[in-house]
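Scroll down for the structure; my scribbles are underneath it.
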Amino acid sequence: MSKQINRQRPGDKSNRRRLAASNESIRVGDVPPVADPAPEVVPPQEEAAAAEPVAVEESEPAPADPAPQTDVTESADRATPQPEESVSPEPEPVPEVVPPQEEAAAAEPVAVEESEPAPADPAPQTDVTESAASEPVSFLGRPEEVRKAWESSVLSARNEPKKWAAYSVSLPLEMWERLEARVEADQQRYGLPSLAMSHYINTALAGLPKNPRTVGTIATEYVQALGLVPPAMRSSGTRAHHDVLERMRKLRAQLRRVARPGLLGHLQAAAVSALLDTLDEEDTRA
C-alpha cells in the first residue's frame, strides 16, 4: 500500500514524510475508519410532501363482479380533518327601556269582558189567527175546508139538480130558527137570493165521519148534552145529494147496531149544529 502512495505522489517530499510516519502506524489487515456520508440536502417542498401521511388502501379479496375503485385522492381528502369554522358569539339583546307611564299601565289588571253567547235565532212566530184558523172547530174539519164544502154544495145544486132528491130531516125548533137566520145573512152577504137551507144541511151531513162507531159516539154525546129533557124535534122536507141520501139510509141501520135505535135524528142535529158553529167562528176571525 505504501508503494502505491509513493507512486501516486512522487516528488513531494513533505508528503512522503507524512506518509512514512503514517505507514508505521498502519498495519496490514487494519481497516481505516469510513467517514459518515454528508446528509443529503432535501428541498422544503419535497420534505413537506414526504411528511404528509399517505393513505394506503388495503387490498380486499376481489368479488365476483369488480367493485368500482375509490379515488385515493378523494379518500385522502375525506380522511384529512377539516378545520372547524369559528362561530362568533351573538351579542346579547339590549333590554328595551319602557316609559314609567306604560309600565304602570301594564302593571294594572285589565278587565276582560266576558263575551255573552250569541242569542239563538228567534223561532219564526206563527200568526195566531192563521194557526187558529187551521185547527178544526168541530168534527167536520177546519173552517176553510168547511167553507169549500159549502160552496161545492151550492154549485152542485145549481149545476147538477138531477143528482139531488127530496129528503126529510128532524131538527130541534131552535136549530131551525138558527139555520134560517144564517141563510138570510149569507143571502145578503153574497148577493145570492137562491141560497136555501138544503145547501147547509147537505154540507153538514156529507161531512160526517165514515166510521159508524165514530158517528155513534157523536150522536150519543149530543143526546147526553141535551140533559134529561131533550128539546122538541120538528121534521121538515129538504133536498140532498144522492150520495148523502145513500149514506143516511146506511147509517140508520149502523147506529142501531153500534149504539141504539132512534139516534139518526140526533146525529143530523149534531152535524148541522157543528156546521153553524164553524161558519160563525170563521166570521169572527175574518
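Restricting R239, R256, R252 to those that are in contact with a Phe, Trp or Tyr (Cβ under 9 Å, 6 or more places away or on another chain) and surrounded by 13 or more Cβ atoms within 10 Å (Cβ to Cβ) reduces the list to R239. Scanning region 184-227 for residues that are closer than 14 Å to T238 by Cα and either of a type outside the set (S, T, Y) or in contact with a Pro (Cβ under 9 Å, 6 or more places away or on another chain) (or both) gives L195, A196, M197, H199, I201, N202, A204, L205. Condition check: modelled with pLDDT under 95 and more than 60 Å from the chain's Cα centre (by Cα). Does A232 satisfy that? Judged against the criteria, A232 is a match. Of the listed requirements (1) closer than 21 Å to L279 by Cα; (2) in contact (Cβ under 8 Å) with a residue 24 or more places away in the chain; (3) among the aromatic types (F, W, Y), Y190 misses just one: (2).
Among the candidates V183, V215, the residue that is β-branched (V, I, T), under 18 Å from L140 (Cα atoms) and assigned to a helix (DSSP H, G or I) is uniquely V215. Taken over region 197-236, the residue count meeting the criterion of being within 20 Å of W150 (Cα to Cα) and surrounded by 16 or more Cβ atoms within 10 Å (Cβ to Cβ) is 12. Exactly one residue out of V258, V244, V223 is hydrophobic (A, V, I, L, M, F, W, C), modelled with pLDDT of 95 or more and under 60 Å from the mean Cα position of the chain (by Cα): that is V244. I'd like the residue in region 151-163 that is surrounded by 19 or more Cβ atoms within 10 Å (Cβ to Cβ) and hydrophobic (A, V, I, L, M, F, W, C) and, out of all such residues, is farthest from L245 (Cα to Cα). Ranking the candidates gives V154 first. Determine, yes or no, whether R285 is closer than 21 Å to E135 by Cβ and modelled with pLDDT under 95. Yes.
Each residue in region 132-147 was checked for being on the phi < 0 side of the Ramachandran plot and either at pLDDT 95 or above or assigned to a strand (DSSP E or B) (or both), and 1 of them qualify.
The values are calculated or read from the model by the stated rules, or taken from the named source; none is laboratory data. Here the structure is a predicted model, which is why all the values come from computation and not from measurement. Don't worry about glycine lacking a Cβ; one is built from the backbone with ideal geometry, like all the others, and counts go over all protein chains shown.
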